[in-house]
Amino acid sequence: MGKGGEKGGEPGEPEAQIRFYTWEEIQKHNLRTDKWLVIERKVYNVTKWANRHPGGQRVISHCAGEDATDAFQAFHINPTLVQKFLKPLLIGELAPGEPSHDRDKNSQLVEDFRTLRKTVEDMNLFRASPLFFSLYLGHIIVMEILAWLMLSYFGTGWIPTLILACILTTSQAQAGWLQHDFGHLSVFKKSSWNHIVHKFVIGHLKGASANWWNHRHFQHHAKPNIFKKDPDVNMLHVFVLGDTQPVEYGKKKLKYLPYNHQHEYFFLIFPPLLIPVYFQIQIISTMIRRRFWADLAWAISYYMRYFITYIPFYGVLGSLSLLTFVRFLESHWFVWVTQMNHIPMEIDSEKHRDWLSSQLAATCNIEQSFFNDWFTGHLNFQIEHHLFPTMPRHNFWKVKPLVKSLCAKYGVQYEEKPLGKAFVDIVGSLKKSGDLWLDAYLHK
C-alpha cells in the first residue's frame, strides 16, 4: 500500500502513479497537523487547505480520517465547482479490496440513503420557490415598517412601546429563520448569490455576522450533539447534557454549578441571556478578531438604521434599552425552538455512525401545522433539514414520507412530538442529566 506523499494526482500526472490506501492507514490521519478524508473512494490530503475552507477549518477537521462523502454532498450545492479545489488535494484512492465505508458501517443503509438523495434530486426538491422566499422577506420588512408607523401615529407610551417590542421581536426571530435559509445555500442555485443575500439578512436585518454563523452552524450539522465537535453542546460547564457527561463530571467531583438544579436555573440563564449577552459578545469579538470586515460593515449598517429610526422617539438610552429588551424576548423564542429538537436526544462523544443514523440519533421532529411551520421557521422538520441541509424548507413535507420509510426499513428511530411536549422535554432532559450527575457525584 502506498504511503501517501504530500502531493499527488496533479493534472499532468500519468494514471499509473495512482496510490492506494487502506482505511487503517487513512484513519491515522485525523490530527490537527495531518488531515486526510475520503470522498467517493478518493483520498484527499486537506491539511494545508483546511484553513482556507469557506465553511471554516473545524467542520472539515471533524471529518478527518473518515468517509466524508455524505457530508460533502449535504453541504455543497455545486459539486463541480468544488471539484476544482479538490483536484490538487487528491493523493490516491481506496485500495480495491477496501469497503467504501469506514468502521463497519451498514453499507446497504448508506447506499439506500444515497439512492434516496438521488431520488430527491430527481423530484426537484432542491429547487426553491422564489415566491415563497420573496413573501417571507416581505413579511419581515412589512413588520419593520409597521413598527415605525405605529410609533409615528400612537407615540411612545407604555402600550405602543410593548406592542412595538413584540413586532420587532417577531421580525427579528423571522429574520433569524430566513438568514438560516440563505446560510444553508437553499434559495439560489448559485452559492455566491446565497452568500450575498445571507450577509444582507443576517448583517443588515439582524446586526450579526454571516461568517461567525457559518463556521459555528456547519460544525453542528456535520456532527450534531457530539461533544468537542458540535459547538451547540459546548455548555462551558454551565449545564451537563446527555447520559455520559453528567456521570463523568460526577465521578471527577466537578461542581462548577449545582447541576441537580440545572432544570430550574435554565430559565434564568439560557433563554434570557443567550442572544443579548453570550452571542452578542461572541459575534462582535469574532468579527474583530478574525477580521471579518465585510460582516462588520453590514452589522454597523443595522445599528445605524436602528438608531436613526428610534433615537428621535426614545433618545439614545431609550433606544438601547428597547434593543436589549427585544433581544431578550427574541432569545426566549430562539432558545426554546432550537433546543427542543436536540437537547432531549442522544448527546455523546463521537460514535462514527453513518450520516442517516448520526443525524437521527441527535434530532427529532415537531408535528406539522401552519403555526408550527411559521413559528419555528420549518425547524419542526429538523430531521429532514439535517439530512438535506441545502433543501428549501417548503419542500421538507414532501421528502418526509420517504425518510420515514427508509428509517422504518432499517429500524432507525424517527421521533415526532407535539410542540408543547417538545418544550417540556427540554426541562425533563436537563433534570434527568442533573440527577445522573448528583448520583455520580455522591456515590461513585
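Of the residues Gly420, Leu438, Tyr303, the one whose Cα sits farthest towards the positive end of the charge dipole of the range 294-444 is Gly420 (charges of +1 on Lys and Arg Cβ, -1 on Asp and Glu Cβ, taken about the Cα centre). Close amide H contacts of Gly92 (hydrogens built in the peptide plane, cut-off under 5 Å, sequence separation of 5 or more or a different chain): Val43. Restricting the trypsin sites (Lys or Arg not before Pro) of the range 329-403 to loop positions (DSSP other than H, G, I, E, B) with no more than 15 neighbouring Cβ atoms within 10 Å leaves Lys351.
With K and R counted +1 and D and E -1, the other residues having a Cβ less than 15 Å from that of Val326 yield a net charge of +1. The figure for Glu264 is an accessible area of roughly 100 square angstrom, using a 1.4 Å probe on the protein chains alone. Counting charges near Phe188 (Lys, Arg +1; Asp, Glu -1) among other residues having Cβ under 15 Å from its Cβ returns a value of +4. Taking Cα centre as origin and charging only the Cβ of basic (Lys, Arg, +1) and acidic (Asp, Glu, -1) residues, the dipole magnitude of the range 106-443 rounds to 740 debye. Of the chymotrypsin sites (Phe, Trp or Tyr not before Pro) in the range 244-284, the ones in a loop by DSSP (not H, G, I, E or B) with at most 13 other beta carbons within 10 Å are Tyr256. Picking from Ala95, Ala71, Ala422, which is most flexible by a Gaussian network model of the chain using Cα springs under 10 Å? Judging by the Gaussian network model, the answer is Ala95.
Oblate is the label for the range 22-97, because a/c, from the alpha-carbon gyration tensor with a ≥ b ≥ c as root eigenvalues, is 1.5 or above and a/b does not exceed b/c. Using 0.36 nm per residue and subtracting the Cα-Cα separation, the extra length available between Asp435 and Ser129 on full extension is 105.5 nm. The charge dipole of the range 20-104, taken about its Cα centre with unit charges on the Cβ of Lys, Arg, Asp and Glu (plus for the first two, minus for the last two), comes to roughly 580 debye. Averaged per residue, the range 106-443 has 45 square angstrom of accessible surface, using a 1.4 angstrom probe with ligands and nucleic acids left out.
Taking the accessible area of the chain, probe 1.4 Å, and keeping the other protein chains in place, the carbon and sulfur fraction comes to 64%. Mean 1/r over all different Cα pairs, inverted: what Kirkwood radius does the range 171-283 give, in Å? Hydrodynamic radius (Kirkwood, Cα only) of the range 171-283 equals 16.1 Å. Normalised by the number of residues in the range 171-247, the average gap of Cα pairs under 8 Å and 6 or more apart makes the relative contact order 18 percent. Measuring nothing but how far apart in sequence close Cα pairs (under 8 Å, 6+ apart) lie, relative to its length, the range 143-215 scores a relative contact order of 23 percent.
Here the label points at Gln17 and Asp122, each 7 Å from Cα along the C-beta direction, are separated by 4.0 nm in the simple model.
When you restrict to C-alpha pairs under 8 Å that are six or more residues apart and normalise by the size of the chain, the relative contact order lands at 19 percent. Which whole number in µm²/s is D for the chain by Stokes-Einstein, with the Kirkwood Rh taken over Cα pairs at 37 °C and 0.692 mPa s? Answer from the Stokes-Einstein relation: 139 µm²/s. Between Val427 and Lys28, take the C-beta separation as r, use R0 = 41 Å, and let me know the FRET efficiency to the nearest 0.05. Result of the calculation: an efficiency of 0.45.
Before rounding to the nearest 500, sum -39500 (n - 2.57) across all DSSP H runs of length at least 4 in the chain and divide by the residue total; then give [θ] at 222 nm in deg cm²/dmol. After summing the helix terms and dividing by the residues of the chain, the value is -18000 deg cm²/dmol.
The values are calculated or read from the model by the stated rules, or taken from the named source; none is laboratory data. Model, not experiment: these values are computed from the prediction. Glycine also receives a Cβ, built like all others from the backbone with ideal geometry; neighbour counts cover every protein chain displayed. The protein model used for the area step is the full one, side chains on, heavy atoms only, and it has no ligands, DNA or RNA in it. Shrake-Rupley method; radii C 1.70, N 1.55, O 1.52, S 1.80 Å.
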